[in-house]
Amino acid sequence: MDTPFEPHHDKASMQDSSAPQPVRDNSFHRSIGLFSGTAINMTQMCGIGPFITIPIMVAAMGGPQAVIGWIAGAILAMADGLVWAELGAAMPGSGGTYVYLREAFQYRTGKLMPFLFIWTMLLAIPLLMSTGIIGMVEYLEFFFPNLGWWSVHAISLAATAVVTWMLYRRIESVRAITIGLWVIMLVSVIGVSAAGFSHFHADYAFAYPADTFGGKFFMGLGAGLIIGIYDYLGYNTTAYIGDELRNPGRTMPGTIIISVIAMMVVYLLLNISVLGVAPWQEIAQSKSVASLVVERSWGHLAAAVMTVLIIVTAFASVFTGLLGGSRVPFQAAQDKVFLSVFGHLHAKHGFPHVALLTMGVVTAIGTFFDLTEVINMLLAATIIVQSIAQIAALVVLRKRQPNLERPYKQWLYPVPCIIALVGWVYVYVSASTLSLVLSGLWIAAGLVVFAIWARLNQSWPFAPVEVRETYLGKH
(Lines give C-alpha, C1' and ligand atoms only; values in the text may rest on other atoms or scores of the structure.)
Protein backbone atom coordinates (compact mmCIF):
# COMPACT_ATOMS: atom_id res chain seq x y z
CA MET A 1 0.00 0.00 0.00
CA ASP A 2 1.22 3.47 -0.82
CA THR A 3 1.12 6.42 1.54
CA PRO A 4 1.31 9.56 -0.60
CA PHE A 5 -0.22 11.80 2.05
CA GLU A 6 2.74 12.63 4.27
CA PRO A 7 2.09 15.26 6.94
CA HIS A 8 4.99 17.49 5.99
CA HIS A 9 3.51 17.73 2.50
CA ASP A 10 0.00 18.47 3.64
CA LYS A 11 0.96 21.00 6.27
CA ALA A 12 2.57 23.20 3.67
CA SER A 13 -0.08 22.42 1.13
CA MET A 14 -3.27 24.08 2.24
CA GLN A 15 -2.89 27.80 1.77
CA ASP A 16 -5.56 30.36 2.45
CA SER A 17 -7.71 30.70 -0.63
CA SER A 18 -9.26 33.92 0.63
CA ALA A 19 -6.07 35.92 0.38
CA PRO A 20 -2.95 35.71 -1.77
CA GLN A 21 -0.07 34.02 -0.04
CA PRO A 22 3.64 34.07 -0.76
CA VAL A 23 4.49 31.30 -3.14
CA ARG A 24 7.61 30.32 -1.30
CA ASP A 25 8.61 30.09 2.29
CA ASN A 26 12.18 31.41 2.33
CA SER A 27 13.02 29.01 5.15
CA PHE A 28 12.89 26.09 2.71
CA HIS A 29 16.30 24.87 1.68
CA ARG A 30 16.61 23.54 -1.85
CA SER A 31 18.53 20.42 -0.88
CA ILE A 32 16.67 17.70 -2.79
CA GLY A 33 18.28 16.73 -6.07
CA LEU A 34 17.45 14.14 -8.70
CA PHE A 35 18.71 11.14 -6.72
CA SER A 36 17.13 11.99 -3.35
CA GLY A 37 13.89 13.11 -5.03
CA THR A 38 13.65 9.82 -6.90
CA ALA A 39 14.23 7.94 -3.63
CA ILE A 40 11.40 9.92 -1.99
CA ASN A 41 9.01 9.02 -4.82
CA MET A 42 9.99 5.35 -4.70
CA THR A 43 9.54 5.27 -0.93
CA GLN A 44 5.94 6.38 -1.35
CA MET A 45 5.25 4.13 -4.35
CA CYS A 46 6.27 0.83 -2.79
CA GLY A 47 4.78 -0.58 0.36
CA ILE A 48 2.63 -3.63 0.94
CA GLY A 49 0.93 -3.05 -2.42
CA PRO A 50 2.67 -5.65 -4.62
CA PHE A 51 2.49 -8.31 -1.90
CA ILE A 52 -1.30 -8.17 -1.86
CA THR A 53 -1.98 -7.38 -5.53
CA ILE A 54 0.16 -9.90 -7.44
CA PRO A 55 -2.47 -12.65 -7.04
CA ILE A 56 -5.25 -10.22 -8.03
CA MET A 57 -3.29 -9.10 -11.09
CA VAL A 58 -2.55 -12.68 -12.16
CA ALA A 59 -6.22 -13.63 -11.71
CA ALA A 60 -7.45 -10.55 -13.58
CA MET A 61 -5.09 -11.07 -16.52
CA GLY A 62 -5.55 -14.84 -16.53
CA GLY A 63 -1.92 -15.95 -16.46
CA PRO A 64 1.73 -14.88 -16.44
CA GLN A 65 0.92 -12.12 -18.92
CA ALA A 66 0.07 -10.18 -15.76
CA VAL A 67 3.40 -8.41 -16.35
CA ILE A 68 1.61 -6.42 -19.06
CA GLY A 69 -0.61 -4.91 -16.38
CA TRP A 70 2.41 -3.38 -14.64
CA ILE A 71 3.80 -2.11 -17.94
CA ALA A 72 0.43 -0.51 -18.77
CA GLY A 73 0.31 0.98 -15.27
CA ALA A 74 3.79 2.44 -15.76
CA ILE A 75 2.76 4.07 -19.06
CA LEU A 76 -0.29 5.68 -17.43
CA ALA A 77 1.74 6.73 -14.37
CA MET A 78 4.38 8.35 -16.57
CA ALA A 79 1.90 10.22 -18.76
CA ASP A 80 -0.01 11.43 -15.73
CA GLY A 81 3.26 12.20 -13.96
CA LEU A 82 4.13 14.70 -16.69
CA VAL A 83 0.85 16.49 -15.94
CA TRP A 84 1.93 16.70 -12.29
CA ALA A 85 5.39 17.84 -13.36
CA GLU A 86 4.19 20.93 -15.24
CA LEU A 87 1.65 21.95 -12.62
CA GLY A 88 3.99 21.22 -9.72
CA ALA A 89 6.93 23.11 -11.23
CA ALA A 90 4.74 26.15 -11.93
CA MET A 91 3.16 26.10 -8.44
CA PRO A 92 5.82 24.35 -6.35
CA GLY A 93 5.31 23.09 -2.84
CA SER A 94 1.80 24.47 -2.55
CA GLY A 95 -0.26 21.36 -2.03
CA GLY A 96 -0.69 19.59 -5.32
CA THR A 97 -4.20 18.98 -6.62
CA TYR A 98 -5.87 21.23 -4.06
CA VAL A 99 -4.13 24.33 -5.43
CA TYR A 100 -4.07 23.30 -9.10
CA LEU A 101 -7.87 22.98 -9.08
CA ARG A 102 -8.31 26.16 -7.06
CA GLU A 103 -6.22 28.18 -9.51
CA ALA A 104 -7.63 26.68 -12.73
CA PHE A 105 -11.35 26.52 -11.98
CA GLN A 106 -11.83 29.66 -9.88
CA TYR A 107 -12.91 31.68 -12.93
CA ARG A 108 -16.23 29.90 -13.43
CA THR A 109 -16.99 27.67 -10.43
CA GLY A 110 -15.31 29.40 -7.50
CA LYS A 111 -14.30 26.97 -4.76
CA LEU A 112 -16.33 24.02 -6.05
CA MET A 113 -13.49 21.90 -7.44
CA PRO A 114 -11.08 22.18 -4.47
CA PHE A 115 -14.05 21.52 -2.14
CA LEU A 116 -15.01 18.39 -4.10
CA PHE A 117 -11.39 17.24 -4.09
CA ILE A 118 -11.19 17.45 -0.28
CA TRP A 119 -14.61 15.79 0.02
CA THR A 120 -13.36 12.93 -2.17
CA MET A 121 -10.20 12.58 -0.08
CA LEU A 122 -12.42 11.92 2.95
CA LEU A 123 -13.32 8.69 1.15
CA ALA A 124 -10.20 7.88 -0.89
CA ILE A 125 -7.53 8.25 1.82
CA PRO A 126 -9.32 5.97 4.33
CA LEU A 127 -10.03 3.41 1.59
CA LEU A 128 -6.33 3.40 0.78
CA MET A 129 -5.73 2.67 4.47
CA SER A 130 -8.36 -0.08 4.34
CA THR A 131 -6.28 -1.91 1.73
CA GLY A 132 -3.41 -1.98 4.22
CA ILE A 133 -5.61 -3.41 6.98
CA ILE A 134 -7.07 -6.01 4.62
CA GLY A 135 -3.59 -6.99 3.43
CA MET A 136 -2.31 -7.22 7.00
CA VAL A 137 -5.11 -9.60 8.00
CA GLU A 138 -4.56 -11.72 4.89
CA TYR A 139 -0.93 -12.23 5.91
CA LEU A 140 -2.00 -12.98 9.50
CA GLU A 141 -3.82 -15.97 8.03
CA PHE A 142 -0.41 -17.51 7.36
CA PHE A 143 -0.22 -18.05 11.14
CA PHE A 144 -3.96 -18.56 11.68
CA PRO A 145 -5.25 -20.32 8.54
CA ASN A 146 -8.71 -21.11 9.89
CA LEU A 147 -9.93 -17.59 10.64
CA GLY A 148 -13.62 -17.23 9.92
CA TRP A 149 -15.56 -14.22 8.62
CA TRP A 150 -16.24 -12.85 12.10
CA SER A 151 -12.65 -13.30 13.22
CA VAL A 152 -11.23 -11.60 10.13
CA HIS A 153 -13.45 -8.55 10.51
CA ALA A 154 -13.03 -8.38 14.28
CA ILE A 155 -9.25 -8.25 13.79
CA SER A 156 -9.65 -5.63 11.05
CA LEU A 157 -11.79 -3.42 13.29
CA ALA A 158 -9.42 -3.89 16.23
CA ALA A 159 -6.38 -2.98 14.10
CA THR A 160 -8.11 0.16 12.81
CA ALA A 161 -9.10 1.12 16.34
CA VAL A 162 -5.53 0.62 17.60
CA VAL A 163 -4.10 2.82 14.85
CA THR A 164 -6.68 5.53 15.54
CA TRP A 165 -5.98 5.31 19.30
CA MET A 166 -2.23 5.59 18.70
CA LEU A 167 -2.81 8.69 16.58
CA TYR A 168 -5.20 10.25 19.11
CA ARG A 169 -2.44 12.46 20.45
CA ARG A 170 0.05 14.94 19.06
CA ILE A 171 2.59 13.13 16.90
CA GLU A 172 5.63 15.35 16.53
CA SER A 173 7.50 13.33 13.94
CA VAL A 174 7.06 10.18 11.87
CA ARG A 175 10.44 10.37 10.16
CA ALA A 176 11.82 7.35 12.05
CA ILE A 177 8.68 5.34 11.29
CA THR A 178 8.87 6.29 7.61
CA ILE A 179 12.53 5.31 7.36
CA GLY A 180 11.84 2.05 9.17
CA LEU A 181 8.94 1.35 6.82
CA TRP A 182 11.17 1.87 3.80
CA VAL A 183 13.91 -0.41 5.14
CA ILE A 184 11.46 -3.20 6.01
CA MET A 185 9.77 -2.88 2.61
CA LEU A 186 13.14 -3.01 0.84
CA VAL A 187 14.18 -6.12 2.77
CA SER A 188 10.81 -7.71 1.97
CA VAL A 189 10.97 -7.02 -1.78
CA ILE A 190 14.58 -8.17 -2.10
CA GLY A 191 13.94 -11.20 0.10
CA VAL A 192 10.86 -12.39 -1.80
CA SER A 193 12.51 -11.81 -5.18
CA ALA A 194 15.66 -13.67 -4.09
CA ALA A 195 13.58 -16.55 -2.73
CA GLY A 196 11.63 -16.78 -5.98
CA PHE A 197 14.68 -16.79 -8.24
CA SER A 198 16.46 -19.31 -6.00
CA HIS A 199 13.62 -21.76 -6.64
CA PHE A 200 12.74 -20.60 -10.15
CA HIS A 201 10.98 -22.74 -12.77
CA ALA A 202 10.72 -21.13 -16.19
CA ASP A 203 7.93 -23.51 -17.21
CA TYR A 204 5.77 -21.94 -14.47
CA ALA A 205 6.74 -18.32 -15.09
CA PHE A 206 6.14 -18.39 -18.85
CA ALA A 207 3.27 -20.86 -19.13
CA TYR A 208 1.00 -18.60 -21.16
CA PRO A 209 -2.53 -19.94 -21.80
CA ALA A 210 -3.47 -20.71 -25.40
CA ASP A 211 -5.96 -17.82 -25.56
CA THR A 212 -3.65 -15.31 -23.84
CA PHE A 213 -4.42 -12.50 -26.29
CA GLY A 214 -7.94 -13.56 -27.14
CA GLY A 215 -11.18 -11.67 -26.81
CA LYS A 216 -11.03 -11.48 -23.00
CA PHE A 217 -7.56 -9.91 -22.97
CA PHE A 218 -8.67 -6.27 -23.01
CA MET A 219 -11.31 -6.86 -20.35
CA GLY A 220 -8.61 -8.38 -18.19
CA LEU A 221 -6.23 -5.55 -19.07
CA GLY A 222 -8.71 -3.00 -17.72
CA ALA A 223 -8.92 -4.83 -14.41
CA GLY A 224 -5.14 -5.29 -14.43
CA LEU A 225 -4.56 -1.61 -15.11
CA ILE A 226 -6.62 -0.72 -12.05
CA ILE A 227 -4.32 -2.87 -9.92
CA GLY A 228 -1.21 -1.64 -11.73
CA ILE A 229 -1.86 2.08 -11.26
CA TYR A 230 -2.77 1.45 -7.59
CA ASP A 231 0.71 0.00 -7.09
CA TYR A 232 2.35 3.04 -8.74
CA LEU A 233 0.54 5.64 -6.61
CA GLY A 234 3.14 7.95 -5.08
CA TYR A 235 5.04 8.86 -8.27
CA ASN A 236 3.82 12.43 -7.76
CA THR A 237 5.26 12.94 -4.25
CA THR A 238 7.93 15.44 -5.36
CA ALA A 239 5.14 17.65 -6.73
CA TYR A 240 4.23 18.36 -3.09
CA ILE A 241 7.73 19.46 -2.11
CA GLY A 242 8.72 21.65 -5.05
CA ASP A 243 10.07 24.33 -2.71
CA GLU A 244 12.72 21.88 -1.55
CA LEU A 245 13.86 20.73 -5.00
CA ARG A 246 16.99 22.01 -6.66
CA ASN A 247 16.00 23.29 -10.11
CA PRO A 248 12.42 21.92 -9.88
CA GLY A 249 11.78 22.44 -13.59
CA ARG A 250 14.34 19.75 -14.33
CA THR A 251 14.37 17.72 -11.12
CA MET A 252 10.61 17.19 -10.81
CA PRO A 253 9.98 15.52 -14.20
CA GLY A 254 13.25 13.60 -13.81
CA THR A 255 12.25 12.12 -10.45
CA ILE A 256 8.84 11.12 -11.78
CA ILE A 257 10.16 9.45 -14.93
CA ILE A 258 13.04 7.63 -13.24
CA SER A 259 10.95 6.44 -10.28
CA VAL A 260 8.21 5.08 -12.55
CA ILE A 261 10.72 3.20 -14.72
CA ALA A 262 12.63 1.92 -11.69
CA MET A 263 9.49 0.66 -9.96
CA MET A 264 8.31 -0.98 -13.19
CA VAL A 265 11.57 -2.96 -13.23
CA VAL A 266 11.14 -3.86 -9.53
CA TYR A 267 7.54 -4.98 -10.06
CA LEU A 268 8.41 -7.02 -13.15
CA LEU A 269 11.28 -8.80 -11.39
CA LEU A 270 9.13 -9.44 -8.31
CA ASN A 271 6.23 -10.70 -10.44
CA ILE A 272 8.41 -13.03 -12.56
CA SER A 273 10.20 -14.40 -9.49
CA VAL A 274 6.85 -15.18 -7.82
CA LEU A 275 5.39 -16.79 -10.94
CA GLY A 276 8.43 -19.07 -11.21
CA VAL A 277 7.73 -20.79 -7.89
CA ALA A 278 4.25 -22.27 -8.47
CA PRO A 279 1.64 -22.61 -11.24
CA TRP A 280 -0.07 -19.28 -11.91
CA GLN A 281 -3.45 -20.76 -10.93
CA GLU A 282 -2.08 -21.36 -7.43
CA ILE A 283 -0.54 -17.89 -7.29
CA ALA A 284 -3.87 -16.33 -8.29
CA GLN A 285 -5.63 -17.99 -5.33
CA SER A 286 -2.99 -17.16 -2.70
CA LYS A 287 -3.87 -14.75 0.12
CA SER A 288 -0.24 -14.34 1.24
CA VAL A 289 1.80 -14.87 -1.89
CA ALA A 290 5.10 -13.64 -0.40
CA SER A 291 4.80 -16.19 2.40
CA LEU A 292 4.07 -18.92 -0.14
CA VAL A 293 7.13 -18.06 -2.23
CA VAL A 294 9.55 -17.89 0.71
CA GLU A 295 8.18 -21.07 2.28
CA ARG A 296 8.55 -23.03 -0.97
CA SER A 297 12.10 -21.77 -1.40
CA TRP A 298 13.60 -21.41 2.10
CA GLY A 299 11.23 -23.15 4.47
CA HIS A 300 8.59 -22.28 7.05
CA LEU A 301 10.77 -20.31 9.48
CA ALA A 302 12.02 -17.92 6.77
CA ALA A 303 8.44 -17.52 5.55
CA ALA A 304 7.29 -16.70 9.09
CA VAL A 305 9.94 -13.99 9.43
CA MET A 306 9.01 -12.50 6.05
CA THR A 307 5.32 -12.57 6.96
CA VAL A 308 5.98 -10.65 10.17
CA LEU A 309 7.93 -8.00 8.22
CA ILE A 310 5.06 -7.58 5.78
CA ILE A 311 2.50 -7.32 8.59
CA VAL A 312 4.61 -4.62 10.24
CA THR A 313 4.90 -2.82 6.89
CA ALA A 314 1.12 -2.85 6.47
CA PHE A 315 0.45 -1.55 9.99
CA ALA A 316 3.07 1.20 9.72
CA SER A 317 1.67 2.25 6.32
CA VAL A 318 -1.79 2.70 7.80
CA PHE A 319 -0.34 4.64 10.74
CA THR A 320 1.60 7.13 8.61
CA GLY A 321 -1.15 7.35 5.99
CA LEU A 322 -3.89 8.23 8.47
CA LEU A 323 -1.61 10.66 10.26
CA GLY A 324 -0.95 12.63 7.09
CA GLY A 325 -4.40 12.11 5.60
CA SER A 326 -6.22 13.54 8.60
CA ARG A 327 -4.42 16.84 8.03
CA VAL A 328 -5.85 17.28 4.52
CA PRO A 329 -9.45 18.31 5.40
CA PHE A 330 -8.16 20.16 8.48
CA GLN A 331 -5.99 22.51 6.44
CA ALA A 332 -8.73 23.05 3.86
CA ALA A 333 -11.18 23.95 6.62
CA GLN A 334 -8.63 26.36 8.05
CA ASP A 335 -8.47 27.97 4.60
CA LYS A 336 -12.28 28.35 4.62
CA VAL A 337 -12.59 26.09 1.58
CA PHE A 338 -14.17 23.16 3.43
CA LEU A 339 -16.55 22.34 6.29
CA SER A 340 -15.50 24.29 9.37
CA VAL A 341 -16.02 21.32 11.73
CA PHE A 342 -12.91 19.70 10.25
CA GLY A 343 -10.85 22.72 11.24
CA HIS A 344 -11.18 22.00 14.98
CA LEU A 345 -8.17 20.87 16.97
CA HIS A 346 -8.24 18.63 20.04
CA ALA A 347 -8.46 20.91 23.07
CA LYS A 348 -5.59 19.25 24.94
CA HIS A 349 -3.25 17.71 22.36
CA GLY A 350 -3.81 20.05 19.41
CA PHE A 351 -4.40 17.59 16.55
CA PRO A 352 -7.32 17.46 14.05
CA HIS A 353 -9.41 14.92 15.94
CA VAL A 354 -12.62 15.32 13.88
CA ALA A 355 -10.85 14.46 10.64
CA LEU A 356 -8.94 11.61 12.29
CA LEU A 357 -12.06 10.02 13.78
CA THR A 358 -14.00 10.44 10.53
CA MET A 359 -11.26 8.79 8.50
CA GLY A 360 -10.84 6.07 11.09
CA VAL A 361 -14.54 5.19 10.80
CA VAL A 362 -14.41 5.14 6.98
CA THR A 363 -11.27 2.98 7.11
CA ALA A 364 -13.08 0.51 9.38
CA ILE A 365 -16.08 0.38 7.04
CA GLY A 366 -13.77 -0.18 4.06
CA THR A 367 -12.34 -3.33 5.64
CA PHE A 368 -15.71 -5.06 5.19
CA PHE A 369 -15.33 -4.94 1.41
CA ASP A 370 -13.26 -7.18 -0.83
CA LEU A 371 -9.73 -5.88 -1.51
CA THR A 372 -10.32 -5.58 -5.25
CA GLU A 373 -13.56 -3.68 -4.60
CA VAL A 374 -11.83 -1.24 -2.25
CA ILE A 375 -9.11 -0.51 -4.82
CA ASN A 376 -11.81 -0.01 -7.46
CA MET A 377 -13.72 2.40 -5.21
CA LEU A 378 -10.77 4.55 -4.19
CA LEU A 379 -9.68 4.94 -7.82
CA ALA A 380 -13.21 5.52 -9.15
CA ALA A 381 -13.72 8.22 -6.53
CA THR A 382 -10.55 10.12 -7.44
CA ILE A 383 -10.31 9.73 -11.21
CA ILE A 384 -12.91 12.39 -12.06
CA VAL A 385 -12.22 14.86 -9.25
CA GLN A 386 -8.43 14.55 -9.27
CA SER A 387 -6.85 12.77 -12.24
CA ILE A 388 -9.06 13.99 -15.09
CA ALA A 389 -9.64 17.35 -13.39
CA GLN A 390 -5.87 17.95 -13.25
CA ILE A 391 -5.49 17.30 -16.96
CA ALA A 392 -8.23 19.86 -17.56
CA ALA A 393 -6.50 22.23 -15.11
CA LEU A 394 -3.26 22.08 -17.10
CA VAL A 395 -5.09 22.97 -20.32
CA VAL A 396 -7.17 25.70 -18.65
CA LEU A 397 -4.16 27.31 -17.00
CA ARG A 398 -2.25 27.42 -20.30
CA LYS A 399 -5.17 29.38 -21.72
CA ARG A 400 -6.11 31.48 -18.66
CA GLN A 401 -2.59 32.19 -17.36
CA PRO A 402 -0.27 32.13 -20.41
CA ASN A 403 2.24 34.31 -18.54
CA LEU A 404 2.53 31.93 -15.59
CA GLU A 405 6.18 30.97 -15.23
CA ARG A 406 6.54 27.30 -16.16
CA PRO A 407 10.06 26.02 -15.42
CA TYR A 408 8.97 22.76 -17.04
CA LYS A 409 6.50 22.54 -19.92
CA GLN A 410 5.12 19.12 -20.72
CA TRP A 411 7.13 17.34 -23.38
CA LEU A 412 5.22 16.64 -26.62
CA TYR A 413 2.16 18.49 -25.27
CA PRO A 414 -0.68 17.53 -25.54
CA VAL A 415 0.28 13.87 -26.21
CA PRO A 416 0.94 12.93 -22.52
CA CYS A 417 -2.34 14.61 -21.54
CA ILE A 418 -4.22 12.60 -24.15
CA ILE A 419 -2.55 9.33 -23.11
CA ALA A 420 -3.29 10.04 -19.46
CA LEU A 421 -6.90 10.99 -20.23
CA VAL A 422 -7.51 7.85 -22.30
CA GLY A 423 -5.84 5.73 -19.62
CA TRP A 424 -7.87 7.18 -16.77
CA VAL A 425 -11.13 6.87 -18.72
CA TYR A 426 -10.24 3.23 -19.49
CA VAL A 427 -9.57 2.58 -15.81
CA TYR A 428 -12.82 4.28 -14.84
CA VAL A 429 -15.04 2.32 -17.24
CA SER A 430 -13.23 -0.89 -16.23
CA ALA A 431 -14.07 -0.39 -12.55
CA SER A 432 -16.75 -2.54 -10.95
CA THR A 433 -20.36 -1.44 -11.05
CA LEU A 434 -20.55 -1.23 -7.26
CA SER A 435 -17.51 1.04 -7.07
CA LEU A 436 -18.89 3.32 -9.78
CA VAL A 437 -22.27 3.56 -8.05
CA LEU A 438 -20.87 4.20 -4.56
CA SER A 439 -18.23 6.69 -5.72
CA GLY A 440 -20.83 8.44 -7.88
CA LEU A 441 -23.18 8.73 -4.92
CA TRP A 442 -20.31 10.11 -2.82
CA ILE A 443 -19.52 12.81 -5.38
CA ALA A 444 -23.24 13.63 -5.76
CA ALA A 445 -23.50 13.98 -1.98
CA GLY A 446 -20.47 16.28 -2.12
CA LEU A 447 -22.26 18.53 -4.59
CA VAL A 448 -25.24 18.79 -2.23
CA VAL A 449 -23.02 19.50 0.77
CA PHE A 450 -21.12 22.12 -1.23
CA ALA A 451 -24.36 23.86 -2.20
CA ILE A 452 -25.40 24.08 1.45
CA TRP A 453 -21.92 25.19 2.53
CA ALA A 454 -21.73 27.81 -0.24
CA ARG A 455 -25.14 29.19 0.74
CA LEU A 456 -24.14 29.53 4.38
CA ASN A 457 -20.76 31.07 3.50
CA GLN A 458 -22.04 33.32 0.70
CA SER A 459 -19.72 31.75 -1.83
CA TRP A 460 -20.28 30.94 -5.52
CA PRO A 461 -22.92 30.18 -6.85
CA PHE A 462 -24.63 32.44 -4.29
CA ALA A 463 -22.08 35.20 -4.74
CA PRO A 464 -19.77 36.38 -7.53
CA VAL A 465 -16.57 34.40 -8.03
CA GLU A 466 -13.42 35.85 -6.48
CA VAL A 467 -10.48 35.52 -8.86
CA ARG A 468 -7.03 35.59 -7.27
CA GLU A 469 -4.23 34.61 -9.63
CA THR A 470 -1.86 33.88 -6.78
CA TYR A 471 1.12 32.67 -8.78
CA LEU A 472 1.36 35.21 -11.61
CA GLY A 473 4.52 37.23 -11.16
CA LYS A 474 5.37 35.55 -7.84
CA HIS A 475 8.37 33.48 -8.98
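Would you calculate the separation in nanometres between label points at L301 and E469, each defined as 7 Å from the Cα along the Cα-to-beta-carbon direction?
Placing both labels 7 Å along Cα→Cβ, they lie 6.9 nm apart.
Multiply the residue gap between W460 and R170 by 0.36 nm, knock off their C-alpha separation, and tell me the result in nm, one decimal place.
Once the chain is fully extended between W460 and R170, it gains 100.8 nm.
Which FRET efficiency value, to the nearest 0.05, do you get for A210 and I261 by plugging their Cβ-Cβ distance into 1/(1 + (r/R0)^6) with R0 = 35 Å?
Working: r = 32 Å, r/R0 = 0.91.
Between A210 and I261 the formula returns 0.65.
Measure out, as a whole number of angstrom, how far apart the alpha-carbon centroids of segment 332-391 and segment 91-158 sit.
After rounding, the separation between the Cα centres reads 6 Å.
In whole Hz and in residue order, list the ³J(HN,Hα) couplings for segment 186-191 that follow from phi through the Karplus curve 6.51 cos²θ - 1.76 cosθ + 1.60, θ = phi - 60°; x for Gly and Pro.
4, 4, 5, 4, 5, x
Points 7 angstrom from Cα along the Cβ direction at R30 and I365: gap in nanometres?
4.5 nm
How far is helix 353-366 tilted, in degrees, relative to the longest principal axis of the Cα atoms in the chain, given as a value from 0 to 90 rounded to the nearest 10?
It works out to around 40 degrees.
Mind ranking 30-42, 217-229 by how tightly packed they are, going by the mean number of other C-beta atoms within 10 angstrom, highest first?
Details: 30-42: 18.3, 217-229: 22.2.
The packing order, highest mean first, is 217-229, 30-42.
Size of the dipole of segment 134-245 about the Cα centre, Lys and Arg at +1 and Asp and Glu at -1 on the beta carbon, nothing else charged, in debye to 20?
Working: 4 positive and 8 negative charges, 57 e Å.
Using Cβ point charges on Lys, Arg, Asp and Glu, segment 134-245 gives about 280 debye.
Take the Cβ-Cβ distance between H201 and R246 as r, set R0 to 35 Å, and report the resulting FRET efficiency rounded to the nearest 0.05.
Plugging the Cβ-Cβ distance into 1/(1 + (r/R0)^6) gives 0.15.
Take a quick pass over the chain and tell me how many lysine pairs come in under 24 angstrom between Cα atoms, counting only ones 8 or more apart or on separate chains.
Eligible lysine pairs with Cα atoms under 24 Å apart amount to 12.
Compute the FRET efficiency between F218 and V449 as 1/(1 + (r/R0)^6), taking r as their Cβ-Cβ distance and R0 = 35 Å, and round to the nearest 0.05.
It comes to 0.40.
Please list, in order along segment 384-394, the HN-Hα scalar couplings obtained from phi with the Karplus expression 6.51 cos²θ - 1.76 cosθ + 1.60 (θ = phi - 60°), rounded to whole Hz, x for Gly and Pro.
6, 7, 10, 5, 5, 4, 5, 4, 4, 4, 4
Okay, helix-only estimate at 222 nm for the chain: each DSSP H run of n ≥ 4 adds -39500 (n - 2.57), divide by all residues, round to 500 deg cm²/dmol; what do you get? Mind dumping the intermediate values first?
Values: 20 runs with 317 residues, N = 475.
Roughly -22000 deg cm²/dmol at 222 nm, from the helical runs in the chain.
Could you give each residue of segment 313-322 its phi-based ³J(HN,Hα) in whole Hz, using Karplus coefficients 6.51, -1.76, 1.60 with θ = phi - 60°, and x for Gly or Pro?
Listing the rounded values in order: 4, 4, 5, 5, 5, 5, 4, 5, x, 5 Hz.
Can you give me the accessible area per residue for segment 94-189, using a 1.4 Å probe, in Å²?
Roughly 39 Å² per residue, with all protein chains present.
Under 8 Å for C-alpha pairs, at least 6 residues apart: give me the relative contact order for the chain, rounded to a whole percent.
That works out to 35 percent.
Can you tell me the order of 144-151, 179-186, 444-451 when each peptide is scored by its average per-residue count of other Cβ atoms within 10 angstrom, highest first?
Descending mean neighbour count gives 179-186, 444-451, 144-151.
The values are calculated or read from the model by the stated rules, or taken from the named source; none is laboratory data. On a predicted model such as this, the values are computed, not experimentally measured, just so you know. Glycine gets a Cβ as well: all are built from the backbone with ideal geometry, and neighbour counts include every protein chain shown. All accessible areas refer to the heavy atoms of the entire protein, side chains included, with ligands and DNA or RNA removed. Shrake-Rupley method; radii C 1.70, N 1.55, O 1.52, S 1.80 Å.
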